[in-house]
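Any read-out appearing in this document is the output of simple, stated calculations on the displayed coordinates, not a laboratory observation. On a predicted model such as this, the values are computed, not experimentally measured, just so you know. Neighbour counts run over all protein chains shown; Cβ positions are idealised from the backbone, glycine included.
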Amino acid sequence: MSSSQTPALDGVEFTYDWYERALVWLSDHGYESSSFEGDVGDGDLLLRHDVDLSPRKALEIGRIEADLGFRSTYFFLVSNPLYNVFDAVCRAVIDEIDALGHDVGVHFSTHQHWSRRPSPEELRERVTSERSALSLAAENVCDPVSFHCPPEWVIDRTFDRLATTYEPRFFSEATYVADSGQRWRESHPFDTRLSERVQLLTHPGLWGETDLPYTERVTSSIDENVGYAERLLTDQHLREKFDPPVELPEREPAADR
């Protein structure tokens, strides 16, 4: 596979437009989206999204991918203090992501459960419990799990009866490219030659209609989630009639929120 840049991809911007152009670039260079639940072959592009900050932005990216014919996997953090997967709006987001043809899975935080390395049995049991919980909010939950802020002991390792996105076939045996901390500003994701198979990880909360630096983007996502919780709790406790909002988010307007 070739990795020479096109002018359209010079200089990374954390915008939906740049992400869309990156997908087109990958398609033009012979890559096709694949799933973490199937066999991995040459030309496979594994699109992974760890939903740490913003389900709404996850849906926005999912719509872009579907419009281009791409399939990806969205991993939701069940233990997230910022959003609630059982909230009506979040469930509607998950439902549409699934309806668009994408996979939904568990983004598992070992740090919420242990300060030590658990046994494989303990790990498998906790992951299974969170997968069961997510299945109450999502009609279809895939088997593979994505680790949140992964400890070293999960990297490039295969677990018995537990599929993960850090298995060698998805990690060391592929080109692994991640936008963590918006690191692509300093190191272009396609500067080095890509292998025959690629795992591309993004965090939807770091992206938007306009380009914003990492700290501002994270702060904006926090403010959005806190504002939603404030409005919801105000409706529940300070108004005479409670009518929970369940409408799906519209496509994001020109100004980033």
Of the DSSP H helices in the chain, those whose Cα atoms cover at least 24 Å axially and whose Kyte score averages -1.0 or more: 214-237
Is it possible to state the helix-based mean residue ellipticity at 222 nm for the chain, with each DSSP H run of 4+ residues giving -39500 (n - 2.57), the sum divided by total residues, to the nearest 500 deg cm²/dmol? What is it? -10000 deg cm²/dmol
Would you order V93, V104 from fewest to most other beta-carbon atoms within 10 Å of each residue's own beta-carbon? V104, V93
Between the range 45-115 and the range 126-154, how far is it from one alpha carbon centroid to the other, in angstrom? 11
Given H placed on each backbone N at 1.01 Å, which residues far from D103 in sequence or on other chains put an amide H within less than 5 Å of it? S72, T73, Y74
Is the shape of the range 140-243 best called rounded, prolate or oblate, per the rule: a/c under 1.5 gives rounded, else a/b larger than b/c gives prolate, else oblate, with a ≥ b ≥ c the square roots of the Cα gyration tensor eigenvalues? oblate
Checked the range 65-149 with the C-alpha gyration tensor, a ≥ b ≥ c its square-rooted eigenvalues, rounded below a/c of 1.5, otherwise prolate if a/b is larger than b/c and oblate if not; verdict prolate
Please work out the FRET efficiency for the pair N140 and R169, using the Cβ-Cβ distance as r and a Förster radius of 30 Å; give the result to the nearest 0.05. 0.85
What is the antiparallel percent of DSSP beta bridges lying wholly in the range 12-237, to the nearest 5? 5
Using a ≥ b ≥ c from the Cα gyration tensor of the chain (square roots of the eigenvalues), is it rounded, prolate or oblate, where a/c under 1.5 gives rounded and otherwise the larger of a/b and b/c decides, a/b for prolate? oblate
Please report, in Å, the Rg and the Dmax of the range 1-123, where both are computed over Cα atoms only. 16.6, 49
